[in-house]
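I have placed the structure first, in the form of structure tokens, so that the comments after it can refer back to it.
The values are calculated or read from the model by the stated rules, or taken from the named source; none is laboratory data. Computed from a predicted model, the values in this text were never measured in an experiment. Note that each Cβ is placed from the backbone with ideal geometry, even for glycine, and that neighbours are counted across all protein chains shown.
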Amino acid sequence: MADVIILTEAAAFQIKDMMRENGEEGAYLRVGVKGGGCSGLSYGMGFDHERHDNDHEFEQHGIKILVDKESAPILQGTVIDYKQSLMGGGFTINNPNAIATCGCGSSFRTATNTGTPEQC
């Protein structure tokens, strides 16, 4: 399967920094989707040291990425970037499958998956 996530160089640089600061060198970057948030689905991103049987594994900019098989179709083609501004920096997630997003930008739904919407 093709890479599910597209990681920009800026995001990869920031993730490598975070890995170094937290003693997580060599860890996987796990990206997934879970139910919740005001639009029904929420993104999850963190470090993991275990690959499971239901994971897609690929590598970009020297970072090994895991996406579980349930999240993969929802995240297909998603671009993760890191933007720096006067107010600080933060990751941005651009998911072409999202048809509705929350004002906070971390909750969304797709045409085929509404998730479990919660009150804001």
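Quick notes
- The C-beta contact set for segment 51-80 (first residue in contact (Cβ under 8 Å) with a residue 40 or more places away in the chain, second residue aromatic (Phe, Trp, Tyr), distance under 7 angstrom, 6+ apart or interchain) comprises 65/28; 65/58; 80/91.
- So residue 32, is it surrounded by fewer than 17 Cβ atoms within 10 Å (Cβ to Cβ) and not acidic (Asp, Glu): no
- Only listed residue being at positive phi and modelled with pLDDT under 90, chosen from 103, 77, 40, 35: 40
- Residue tally, condition surrounded by fewer than 19 Cβ atoms within 10 Å (Cβ to Cβ) and either at pLDDT 95 or above or polar (S, T, N, Q) (or both), over segment 1-11: 4
- Subset of segment 65-89 that is more than 13 Å from the chain's Cα centre (by Cα), assigned to a strand (DSSP E or B) and not hydroxyl-bearing (Ser, Thr, Tyr) - its residue that is nearest to residue 10 (Cα to Cα): 83
- Looking across segment 90-100 at every residue that is assigned to a loop (DSSP other than H, G, I, E, B) and modelled with pLDDT of 85 or more, the one that is farthest from residue 5 (Cα to Cα) is identified as 96.
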